[in-house]
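The values are calculated or read from the model by the stated rules, or taken from the named source; none is laboratory data. Remember, it's a predicted structure, so these values are computed and weren't measured experimentally. Positions of Cβ are generated from backbone atoms using ideal geometry, with glycine treated the same way; all protein chains shown enter the neighbour counts.
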Amino acid sequence: MVQERQPQGGEKKVCWFLKLWPIAVISIIVLSVCFIVSCVVTYHFASDKSNKRLSELHTYHSNLTCFSEGTRVTVWGCCPSTWKSFGSSCYFISTEFHVWSTCEQKCVEMGAHLVVINTEAEQNFIVQQLNESFSYFLGLSDPQGNNNWQWIDHTPFEKNVRFWHQNEPNFSAEQCASIVFWKSGGWGWNDVFCDTKRNSICEMKKIYL
């Protein structure tokens, strides 16, 4: 009588490997398909969002100027042609004098808001565009007059940079902020009355193509 040969341990491992291999291949294919679909959906979403933003901007501005940005991949950052470009934002220096609320409304009508300053580099860039003879409203206010300053875009003020002139802010009734040049301290922020008429600075995010 011929005895049946018992399968060796190595043969069992090969058997299990052969059974798992098709499952692994199918899993890889499914994951690859999901990844591709995710990329396509993300691309179309981003593209649609950019196109929508461009369409909105064209309702306010007839011409846009685009700059090549990025090193490895060419990305175009676009601003209205009369605006200044810095970082991821576009800036408009208004030469009209209005109260703070009107200045903000004028910015909104152009698809923007009063400027929010986040870094020293941004402040340095902005002041290069300004006239030392005037002061300019910022998107910063203290609505209750209790030293609880707030940025117009809800950027947390306590975590942001601050460039107040020395001993400013100093009067609770002055509930809006401006940027102004003083010979004693250069450019800095000052609390002012919201119903005084001043120039202003608008800011909007760039459109990336």
Of the residues Asn124, Asn148, only one is surrounded by fewer than 18 Cβ atoms within 10 Å (Cβ to Cβ), in the same structural domain as Glu174 (by TED's automatic domain parsing) and more than 22 Å from Phe67 (Cα to Cα); which?
Asn148
Among Glu158, Glu132, the single one that is in the same structural domain as Thr196 (by TED's automatic domain parsing), out of contact with any Leu (no Cβ under 8 Å at 6 or more places or on another chain) and over 20 Å from Ile201 (Cβ atoms) is Glu158
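Do the conditions hold for Glu174, that is, is it assigned to a loop (DSSP other than H, G, I, E, B) and touching a strand residue (DSSP E or B) at 6+ places or on another chain (Cβ under 7 Å)?
yes
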Answer yes or no as to whether Glu168 is in the same structural domain as Phe92 (by TED's automatic domain parsing) and in a loop (DSSP other than H, G, I, E, B).
yes
Please name all residue pairs, on different chains or six or more residues apart, with Cβ atoms under 6 Å, provided the first residue is in the stretch 180-199 and is over 11 Å from Ser135 (Cβ atoms) and the second residue is crowded, with 18+ Cβ neighbours inside 10 Å and among the aromatic types (Phe, Trp, Tyr).
Cys194/Trp100
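Which of the residues that make up the stretch 108-156 are aromatic (Phe, Trp, Tyr) and either within 19 Å of Thr95 (Cα to Cα) or in contact with a Ser or Thr (Cβ under 6 Å, 6 or more places away or on another chain) (or both)? Lay out the reasoning, then the answer.
The first filter runs over the stretch 108-156 and keeps only residues aromatic (Phe, Trp, Tyr), leaving 125, 134, 136-137, 149, 151.
Within the stretch 108-156, Phe125, Phe134, Tyr136, Phe137 qualify.
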Failed item in (1) more than 11 Å from Ile201 (Cβ to Cβ); (2) of a type in the set (Phe, Trp, Tyr); (3) crowded, with 18+ Cβ neighbours inside 10 Å, with Tyr91 passing the rest:
(1)
